[in-house]
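Trainee: Below you will find the structure I want to go over with you.
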Amino acid sequence: MNSEHAYAARVVWEGNTGEGTARYTGYGREYHVEIGGKPELRGSADPAFRGDAALHNPEDLFLASISACHMLFYLALCARRGIRVTSYEDDAQGTMRVDAGGGRFEEVTLRPMVTIDGGNDVELALRIHDEAHASCFIANSCAFPIRRAPTVRTR
């Protein structure tokens, strides 16, 4: 099945303190994201780049999108394969390197902690993480390794 899905987002800079970008240190990095019909998302640069640590930064959101995409595919595949997931949490981590040529993510590690019903197959639940990774739209768009270190327990 081939299909194309279109997405749109409007990013609005809120950091003009009166002089625009006349000086690197003279403007704020705050912005908000508008996506039709959804709550507004406020953000800023990473504090390392003069941003507000209390707001989401693009790097945080990028990491979260990788984790969330994996989770959503995992849950769908489990449902289709008869694995009943009752809890899912991921402590994802990413490494970004900045050098003279710019910055780029070098790797991401997902650490999903999944709880399934007691009668379910733990080994199958672990293997489904590989299928979820192979299916994840965001992971398939990344040019760096995305490692997975899942744990599955029964309740």
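The values are calculated or read from the model by the stated rules, or taken from the named source; none is laboratory data. All of these numbers come straight from a predicted model, not from anything done at the bench. Here the Cβ is made from the backbone with ideal geometry for all residues, glycine too, and neighbour counts use every protein chain on show.
Trainee: Just for the stretch 105-122: of the residues that are of a type outside the set (A, V, I, L, M) and touching a Phe, Trp or Tyr at 6+ places or on another chain (Cβ under 7 Å), which one is surrounded by the fewest Cβ atoms within 10 Å (Cβ to Cβ)? Break it down stepwise before answering.
Mentor: Applying the first criterion (of a type outside the set (A, V, I, L, M)) to the stretch 105-122 yields 105-107, 109, 111-112, 115, 117-121.
If we keep only those that are touching a Phe, Trp or Tyr at 6+ places or on another chain (Cβ under 7 Å) as well, we get 105-107, 112.
Numbers: 105: 18, 106: 11, 107: 14, 112: 21.
That would be 106.
Trainee: If a residue has to be surrounded by 14 or more Cβ atoms within 10 Å (Cβ to Cβ) and either modelled with pLDDT under 95 or over 14 Å from residue 150 (Cβ atoms) (or both) to count, how many in the stretch 123-138 make the cut?
Mentor: 2
Trainee: Name the residues in the stretch 91-145 that are in contact (Cβ under 8 Å) with a residue 40 or more places away in the chain and of a type in the set (Asp, Glu), would you?
Mentor: 107, 131
Trainee: Identify the single condition in (1) over 14 Å from the mean Cα position of the chain (by Cα); (2) in a helix (DSSP H, G or I); (3) exposed (fewer than 15 other Cβ atoms within 10 Å of the Cβ) that residue 143 does not satisfy, given that it satisfies every other one.
Mentor: (2)
Table: residues versus (1) among the basic types (Lys, Arg); (2) touching a helix residue (DSSP H, G or I) at 6+ places or on another chain (Cβ under 7 Å); (3) over 21 Å from residue 153 (Cβ atoms); (4) modelled with pLDDT of 95 or more.
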residue	(1), (2), (3), (4)
63	no, no, yes, yes
66	no, yes, yes, yes
86	no, no, no, yes
91	no, no, no, yes
94	no, yes, yes, yes
102	no, no, yes, no
109	no, no, no, yes
118	no, no, no, no
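Trainee: Moving to a separate point now. Under the condition of being free of Cβ contacts under 8 Å to residues at least 12 places away in the same chain and closer than 25 Å to residue 97 by Cβ, which residue from the stretch 25-48 is surrounded by the fewest Cβ atoms within 10 Å (Cβ to Cβ)? Break it down stepwise before answering.
Mentor: Restricting attention to the stretch 25-48, the residues satisfying the condition of being free of Cβ contacts under 8 Å to residues at least 12 places away in the same chain are 26, 37-40, 47-48.
From what is left, the residues that are closer than 25 Å to residue 97 by Cβ are 47-48.
Details: 47: 13, 48: 11.
Going through the qualifying residues, I end up with 48.
Trainee: A further question on this structure: Quick check on this structure: which one of 132, 100 is in contact with a Leu (Cβ under 7 Å, 6 or more places away or on another chain) and aliphatic (A, V, I, L, M)?
Mentor: Step by step, each of 132, 100 is checked, and only 132 is in contact with a Leu (Cβ under 7 Å, 6 or more places away or on another chain) and aliphatic (A, V, I, L, M).
Trainee: Something else: Take the stretch 3-35 and flag every residue that is touching a His at 6+ places or on another chain (Cβ under 8 Å) and assigned to a loop (DSSP other than H, G, I, E, B).
Mentor: Let us first name the residues in the stretch 3-35 that are touching a His at 6+ places or on another chain (Cβ under 8 Å), namely 11-12, 14.
14 - this is the single residue of the stretch 3-35 that is touching a His at 6+ places or on another chain (Cβ under 8 Å) and assigned to a loop (DSSP other than H, G, I, E, B).
Trainee: Quick check on the stretch 49-60: of everything there that is within 16 Å of residue 93 (Cβ to Cβ) and without any contact (Cβ under 8 Å) to a residue 24 or more places away in the chain, which residue is surrounded by the most Cβ atoms within 10 Å (Cβ to Cβ)?
Mentor: Step by step, filter the stretch 49-60, then rank; the result is 57.
Trainee: Here is a list of conditions, (1) exposed (fewer than 15 other Cβ atoms within 10 Å of the Cβ); (2) under 16 Å from the mean Cα position of the chain (by Cα); (3) under 14 Å from residue 125 (Cα atoms), and residue 79 meets all of them except one; can you say which number that is?
Mentor: With respect to (1) exposed (fewer than 15 other Cβ atoms within 10 Å of the Cβ); (2) under 16 Å from the mean Cα position of the chain (by Cα); (3) under 14 Å from residue 125 (Cα atoms), residue 79 is out only on (2).
Trainee: Given the structure, is residue 68 closer than 24 Å to residue 140 by Cα and small (Gly, Ala, Ser)?
Mentor: Yes, satisfied.
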